[in-house]
Structure formats: C-alpha cells, structure tokens
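Novice: I have a structure here, written as structure tokens, and I will follow up with some questions on it.
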Amino acid sequence: MGEQPRLSREPLTGQQVIEDLSMLRGEFDLIALSFAKTLQMTSGQGYKTPPKGKVLTGSNLVLEHLRRIDSTNYETGQSAVQIAKAINQSRQHVSATLSNLTNRKQVSSEQRGTRIRYFLSPS
C-alpha cells in the first residue's frame, strides 16, 4: 500500500477524509467481505453476548438457536446441518450435542423419510 493515513488531532477537511478513506479501502473491503460471509452463515441473525460468567457451550448454543427461531415442532425444526451452519460449529459437534440434549429430553427429534429435524421439547 501507499502512504499511511494521517494520525492527527486536528480536524480534517472533507478532501482529507476522502483521501484517508481511499487509502484504507483495500483493508475495509476485506473487513466488509468477512462481515458479509458471517451474516450469510448466520442467516443475518446474530447472537447476544452472554452475560458475564455464562459460558456458551455447545448445548447452550444449540438451545439458544432453537429458542431464537421458535422451533417447537417438525415444521419449524432444523436438521443438524442447518443448526451447525447457523451457529458456526461443525456438523459432528452439533450432532453429538443434539444426541446429548435428546437424551436429557431438552430437544426432541422426528424423522420423516431420510430427514431428521430437531426442535425444543415441550415443557
């Protein structure tokens, strides 16, 4: 890259701002692309920052995702692959987590043909 943007405390003119921003354009494009990919992976739905002291484990991530999409039956449920993409985890990790949640009766599953969908168990 060319010269670096100025680091000054003096107010910049409009032209100086444009020049400084144009020098950062390549870096900004990479950041924007990374952000767009993240939005695409999460379907534009982000997660809230957990409260201090609360660790988001695989189980918490899956349960939070299913709550957020209001998944209560087969029609609103999702496959392990869909959940994995939504929470940015591997399919294998999500499958193991879903197995544990199903055993603890926190998540239910229903199979129709070759499709298995997971959703929150009724309280």
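Any read-out appearing in this document is the output of simple, stated calculations on the displayed coordinates, not a laboratory observation. Quick caveat: nothing in here was measured; it's all calculated off a predicted structure. All Cβ positions, even for glycine, are placed from backbone atoms using ideal geometry, and neighbour counts span all protein chains on display.
Novice: Extending each Cα 7 Å along its Cβ direction at residue 81 and residue 57, get the distance between those two points in nm, one decimal.
Specialist: 2.9 nm
Novice: May I pose another question? Taking the beta-carbon count within 10 Å as an exposure proxy, list 87, 116 from fewest neighbours to most.
Specialist: Numbers: 87 21, 116 15.
Least crowded to most crowded, the residues run 116, 87.
Novice: How would 64, 75 line up from fewest to most surrounding beta-carbon atoms within 10 angstrom?
Specialist: Working: 64 15, 75 9.
Starting with the residue having the fewest Cβ neighbours, the order is 75, 64.
Novice: Within a 10 angstrom radius of the beta carbon, how do 76, 97 rank from fewest other beta carbons to most? Please report the intermediate quantities before stating the final value.
Specialist: Values: 76 13, 97 24.
Sorted ascending by nearby Cβ count, the order is 76, 97.
Novice: Against the globular-protein guess of 2.2 N^0.38 Å, express the Cα radius of gyration of the range 58-120 as a ratio, rounded to two decimals.
Specialist: Scaled against compact globular proteins, the figure is 0.96.
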